[in-house]
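Note sheet for the following structure.
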Amino acid sequence: MGFVLTGIVFILVFGVLILVHEWGHFYAARRAGIKVEEFGFGLPPRAWGIKKGETIYSLNWIPFGGFVRLYGEDSYDPKLLHDERSFVSKNVWQRTKVIVAGVVMNFILAILLLTIGFSVGMVPFPGSPEFADAVTVEAVVVNRVLPAGAAEGFLKAEDKILKIEGREIDSVTAVINTTSAHPGETLNFLVQRAGEEVNIALTPSAEGKVGIEISEEIDARPVRYWPHQAFVVAVRETWRLSSFTLQALGDFVKQIVYRGSIPQNVAGPVGIVEMTHSLVQLGGIIPLLKFTALLSISLGVINIMPFPALDGGRFLFIIVELLRRKRANAKIESAIHMLGFALLILLLVAITWNDIVRLVAS
């Protein structure tokens, strides 16, 4: 029964995120007089579809993401430049609004959900000085020891890191900063294991890492504001979490480029289902609101990245058009977006495989 409920919750959360994002594109396009050919849940190939008016509403076989297909968006037929119903016939400002509308809706959804949460009372996200009085870090816990890392064979999952070189450890950041500042130097870790304190010597790599996944064991109380105050706090939290997500995305790209591997803390569809299951086990609507808000922020940040096929990639072509005062070659732009889409699908497959391997190994 628990897994059935997890599936239902996942579909609802996923459906809301995709609906909100794609509705942003859909609404902006219709406002600009652009013909919307298809509104799709999931990614092609199509599994089912129904046509209402001039738009096909479809469900697709790859159950992650969604799209709005606009008339003339990826076409290089010069006649469409003069067809007022086509995307390419619109001016720069109109096309920009259509492209960024999905991302804007993701951030609006996150702010709305967080406003509701802070209005009724919600445990805040860790890491913000604004909630220092409400959140206390009780311990930094080792979640997983990575293979071939310095900690393999020394640290164990569920170890609590108390001190490094005699300095109290009160956050994940403190561990990262300490090991990063001493690459190649042997450090003494004082950890608590099964109720006993153990001293362990570890030598961070040249990058200042010891090969562990860690998290904060926190004691937090809900915070509550009047709705107008909750809105302001929600806006600040959305900005902070967006900045954090952007930094994490940068680290992800660096590891892909320089190491050719997927970071262990990156979750795809399977990982999100796993997290949804954990939330269902906890129960309550507020944790689900927080989770959905965080996913919406992540979706918004990822989509605005200047990568082909993403909203940010399409926006980048508009910026180039403004700088050159000339449209990009439509055939070349379309080919670049198709290549970007293929790379994103490959990346999605790799992350999903990574999720499955981690799940089986745990």
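The values are calculated or read from the model by the stated rules, or taken from the named source; none is laboratory data. Computed from a predicted structure; not experimentally measured. Neighbour counts are summed over all protein chains in view; Cβ atoms, including those assigned to glycine, are modelled from backbone coordinates with ideal geometry.
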*Using beta carbons and a limit of 9 Å, which pairs, at least six apart or on different chains, have the first residue in segment 269-282 and closer than 20 Å to Ile356 by Cβ and the second one among the acidic types (Asp, Glu) and crowded, with 17+ Cβ neighbours inside 10 Å?*
Pro269/Asp355; Val270/Asp355; Gly271/Asp355; Ile272/Asp355; Val273/Asp355; Glu274/Asp355
*Taking segment 177-210 as the region of interest, how many residues are under 32 Å from the mean Cα position of the chain (by Cα), outside any loop (DSSP other than H, G, I, E, B) and surrounded by fewer than 14 Cβ atoms within 10 Å (Cβ to Cβ)?*
2
*For Gly211, which of the numbered conditions (1) closer than 30 Å to Ile285 by Cβ; (2) in contact (Cβ under 8 Å) with a residue 60 or more places away in the chain fails to hold?*
(1)
*Quick check, is Val232 in a helix (DSSP H, G or I), surrounded by fewer than 18 Cβ atoms within 10 Å (Cβ to Cβ) and within 32 Å of the chain's Cα centre (by Cα)?*
yes
*Taking into account only those residues within segment 1-53 that are buried (at least 18 other Cβ atoms within 10 Å of the Cβ) and β-branched (Val, Ile, Thr), which is nearest to Ile108 (Cα to Cα)?*
Val20
*Filter the helices (runs of 4 or more DSSP H) completely within segment 261-357 down to those with at least 2 residues that are under 28 Å from Val100 (Cα atoms) and among the basic types (Lys, Arg).*
311-324
*asked:* Among the residues that make up segment 337-355, is at least one of them within 25 Å of Val104 (Cα to Cα), surrounded by 17 or more Cβ atoms within 10 Å (Cβ to Cβ) and out of contact with any strand residue (DSSP E or B) (no Cβ under 9 Å at 6 or more places or on another chain)?
replied: yes
*asked:* Just to be sure I understand, how many residues within segment 81-133 are closer than 22 Å to Ala309 by Cβ, touching a strand residue (DSSP E or B) at 6+ places or on another chain (Cβ under 9 Å) and hydroxyl-bearing (Ser, Thr, Tyr)?
replied: 1
*Filter segment 150-167 for residues that are surrounded by fewer than 19 Cβ atoms within 10 Å (Cβ to Cβ) and either modelled with pLDDT under 90 or within 17 Å of Ala201 (Cβ to Cβ) (or both) and give the result.*
Glu152, Gly153, Phe154, Lys156, Leu162, Lys163, Glu165, Gly166, Arg167
_For a quick check of your reading of the model, give me the residue pairs whose first member lies in segment 334-353 and is within 21 Å of Gly268 (Cα to Cα), whose second is aromatic (Phe, Trp, Tyr), with beta-carbon atoms closer than 6 Å and at least 6 apart or on different chains._
Gly340/Phe307
_Subset of segment 91-126 [surrounded by 21 or more Cβ atoms within 10 Å (Cβ to Cβ), within 22 Å of Val320 (Cβ to Cβ) and not hydrophobic (A, V, I, L, M, F, W, C)]_ = Arg95, Gly102
*Just wondering, is there one or more residues in segment 58-80 that are more than 30 Å from Arg325 (Cβ to Cβ), surrounded by fewer than 20 Cβ atoms within 10 Å (Cβ to Cβ) and of a type in the set (Gly, Ala, Ser)?*
no
*What number of residues within segment 64-89 are under 12 Å from Ile34 (Cα atoms), among the aromatic types (Phe, Trp, Tyr) and part of a loop (DSSP other than H, G, I, E, B)?*
1
*Mind listing whichever residues of segment 153-166 are part of a loop (DSSP other than H, G, I, E, B), of a type in the set (D, E, K, R) and either over 29 Å from the mean Cα position of the chain (by Cα) or at positive phi (or both)?*
Glu158, Glu165
*Those residues of segment 66-116 which are more than 19 Å from Gly300 (Cβ to Cβ), in contact (Cβ under 8 Å) with a residue 24 or more places away in the chain and aromatic (Phe, Trp, Tyr), in sequence order*: Tyr71, Tyr76, Phe87
*Could you list all residues from segment 119-144 that are of a type in the set (S, T, N, Q) and either closer than 20 Å to Ala174 by Cβ or assigned to a strand (DSSP E or B) (or both)?*
Ser128, Thr136, Asn143
*How many residues are loosely packed, with under 11 Cβ neighbours inside 10 Å and either farther than 18 Å from Leu344 by Cα or outside the structural domain of Leu17 (by TED's automatic domain parsing) (or both) when one looks only at segment 260-281?*
1
*asked:* Of everything in segment 5-44, what is in a helix (DSSP H, G or I) and over 29 Å from Leu288 (Cα atoms)? Give them in sequence order.
replied: Ala29, Arg30, Arg31
*Those residues that are polar (S, T, N, Q) and in a helix (DSSP H, G or I), I need them from segment 211-229; list them, please.*
Gln229
